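Notes follow the structure.
Coordinate-derived values only; no laboratory data. As the structure is a prediction and not an experimental result, all values here were calculated from the model. All Cβ positions, glycine included, derive from the backbone under ideal geometry; neighbour counts span all protein chains shown.
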Amino acid sequence: MLGQTQAVGLNAFAAHVVDVQASVGSGLPGFSVTGSPDASVREARDRVRAAIKNSGFTFPDLKVTVALSPADMPKVGSGFDLSMAVAILAATEQVSSEKLVSTIFLGELGLDGNVRPIRGVLPAVIAARQAGYRRAVVPIETVAEAALVEGMDVGGASSLKEVAAWLAGDLVLDNFHRTAPTKPPPIPDMADVVGQHEARHALEIAAAGAHHVLMTGSPGIGKTMLARRLPGILPPLGLEDSLEVTAIHSLVGELSAGRPLITEPPFVAPHHSSSTTALLGGGTGFARPGAVSKAHRGVLFLDECAEMSVKVLESLREPLEDGEVRVPRRDGVAVYPARFQLILAANPCPCAPAHDVDCVCTAVVRRRYLGKLSGPLLDRVDIRVRMDPPGNAALMSGAGESSAEVRARVTAARAAAVERWSEFGWRTNAEVPGSALRQKFRLPPDVLRPIELFLRDGRVTARGADRALRLAWTLSDLRGTDAPVEDDVAQALLYRDRGATW
Ligand SMILES: [Zn+2]
């Protein structure tokens, strides 16, 4: 006797439909699973057996084999439980329905027969839809997430019994979960930031061109406060990006049932003592996305970055370069998207004096402290800004512009960049390679004059000149002009030079 249905196997960010075939026949009574199951899938046998019995069905006292195919794809996690139980019920003719072969079943089973939520339902359902399936049964807690996939008919189940009743046509599964929608926590507003005119402007330029930023300044000067406000001035995520970001957070298991779709750029701030695994992803069994992927299409904020180990800092090079991260695993490599905007913050020196206290570090110690950031990592940071304490005049001048006002300018500037670069595959000025800026999009000599002067005096390196060019395009986009003028280039040179005292 045979019973067949389908589930989805997740292999990092790649998901594939898996055929689940149960055969029940003569032989020594037992229950085996074939097709590269990992330990957690093998443990499913106990859960599936108990769930079937405790839902009022019979577990056959025969030889039961569940084959998961394609066999060579590694199967990880508890998400196959429900499909295995359904396939066994079908093989023993305890359920029968034409829906069996056209539906994807996702969920873990409790010993009592309840369906429990699993991670990664959104990417799994997206993969099922792409494979041509139009119907999925998922844990009720994740039904809102699954329902984000267009063209997919989803039903939320809370028990194996409900799934069987639905297959028999006796029950309609809910396509929503009875939890009140929750509002995302508000992003703090730029209007709260007093003074810091330069740093605010730097952040606006950074947002407009997707430039990475290094902020230095005394502790308590407001570096974290400013960085937390960056998502509020970035454009909201488009639908495609929203789905991609939500799918990553679904794999992390951090989506709330009442707020399935992430529409604002995420803000991720790992501690400076974080390991490379926490930052890049990994772990045993299922390779989890790390901070760089959670920050995909959003902001990765590294506070006190000079306290991070050189190894951890250097590990950021690959995602910064490629927009994705390759996480080594026992059975190969997991690839996750990781295109984020990097905000580095650092105290000027190890003694980290408050702004009205004198530093006790020697000149050598001061240089060495930020020196560890130098090289390939800093080459990718287009904007460096040193924050000083706001003067009394700034403190008296009251609130600055709101995030909404700044976001409007940023959104317009980004749209201009998209229009200019999209045929080359770049979405933001920060992505444009230096060679393109120097050749195909070379500016007229009079516009480039400030850079030529700086280069001749050795006040800027060739790489620094490329960064200044990228910034100049962003300044031009913010002004709403077609191409940078000499003043944009001059300003850009100053911007990247400010605070560059090491
Ligand atoms: Zn010091």
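The table below gives the values:
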read-out: Relative packing of 12-24, 263-275, which averages over residues the other C-beta atoms within 10 Å, highest first; value: 12-24, 263-275
read-out: Zone of residue 198's modelled label, taken as backbone nitrogen in region 335-355 under 19 Å from a point 7 Å along Cα→Cβ; value: 344-349, 353-355
read-out: Charge dipole of region 432-502 about the Cα centre (unit charges at C-beta), most positive-ward option of 451, 439, 461; value: 461
read-out: Helical mean residue ellipticity (222 nm; -39500 (n - 2.57) per DSSP H run of 4+; nearest 500) of the chain; value: -10500 deg cm²/dmol
read-out: Theoretical gain in end-to-end length, residue 401 to residue 239 [0.36 nm per residue, Cα-Cα removed]; value: 55.5 nm
read-out: Dipole magnitude of region 177-232, debye to nearest 20 (Cβ charges: Lys/Arg +1, Asp/Glu -1, about Cα centre); value: 300
read-out: Region 2-167: equivalent-ellipsoid semi-axes (sqrt of 5 x gyration tensor eigenvalues, Cα, Å); value: 23, 17, 14
read-out: Modelled FRET efficiency - R0 60 Å, residue 58 with residue 436, Cβ distances, 0.05 increments; value: 0.30
read-out: Share, in percent, of DSSP beta bridges within region 280-426 that are antiparallel, nearest 5; value: 65
read-out: Ordering of 431-443, 216-228 by packing [mean C-beta count within 10 Å, highest first]; value: 216-228, 431-443
read-out: Label-point separation in nm, residue 330 to residue 351, each point 7 Å along Cα→Cβ; value: 5.1
read-out: Unit charges on C-beta of K, R, D, E only; dipole of region 432-502, Debye; value: 320
read-out: Average projection area in nm² (convex hull over Cα atoms of region 432-502, one quarter of hull surface); value: 4.7
read-out: Charge dipole magnitude, Cβ of K and R +1, D and E -1 - the chain, Cα centre, debye nearest 20; value: 840
read-out: With Cα atoms, 0 to 90° folded angle of helix 445-456 axis to the chain main axis; value: 80
read-out: Whichever lysines have a C-alpha closer than 30 Å to that of residue 161, once near sequence neighbours (fewer than 8 apart) are set aside; value: 53, 63, 75, 99
read-out: Fraction of alpha-carbon pairs over 23 Å apart in region 190-427 - percent; value: 52
read-out: Percentage of interatomic Cα-Cα distances in region 179-242 larger than 13 Å; value: 69
read-out: Leading residue at positive end of dipole, the chain (Cβ point charges), from 226, 299, 215; value: 215
read-out: Mean separation of Cα contacts under 8 Å, 6 or more apart, over the residue count of region 1-51: relative contact order %; value: 27
read-out: log₁₀ of I(q)/I(0) at q = 0.13, 0.20 Å⁻¹ - region 373-474, Debye sum with one point per alpha carbon; value: -0.67, -1.12
read-out: Stretchable slack from residue 452 to residue 487, in nm (0.36 nm times residue separation minus alpha-carbon distance); value: 11.2 nm
read-out: Degrees separating the helix 462-479 axis from the principal Cα axis of the chain, which is the longest one; value: 80
read-out: Principal semi-axes in Å for the chain [√(5λ), Cα gyration tensor, largest first]; value: 53, 22, 21
read-out: Simple spin-label estimate for residue 46 and residue 26 in nanometres, 7 Å along Cα-Cβ; value: 3.3
read-out: Taking the chain and dividing mean pair separation by its residue count, relative contact order in percent (alpha carbons under 8 Å, at least six apart); value: 14
read-out: Sequence-distant lysines (8 or more away, or on other chains) whose Cα lies within less than 27 Å of residue 372; value: 223, 294, 311
read-out: Sorted peptide list for 92-105, 146-159, criterion being average Cβ within 10 angstrom, highest first; value: 146-159, 92-105
read-out: Beta bridges by DSSP in region 37-194, antiparallel share as percent, to the nearest 5; value: 30
read-out: DSSP beta bridges in the chain [antiparallel fraction, %, rounded to 5]; value: 50
read-out: Cysteines in the chain lacking a second Cys C-beta under 4.7 Å; value: 305, 351, 359
read-out: Length gained when the stretch residue 252-residue 272 is fully extended (0.36 nm per residue, less Cα-Cα span); value: 5.1 nm
read-out: Size descriptor, Kirkwood hydrodynamic radius, that averages inverse alpha-carbon separations across region 251-336, Å; value: 13.7
read-out: C-alpha long axis of helix 121-130 to longest principal axis of the chain, angle in °; value: 80
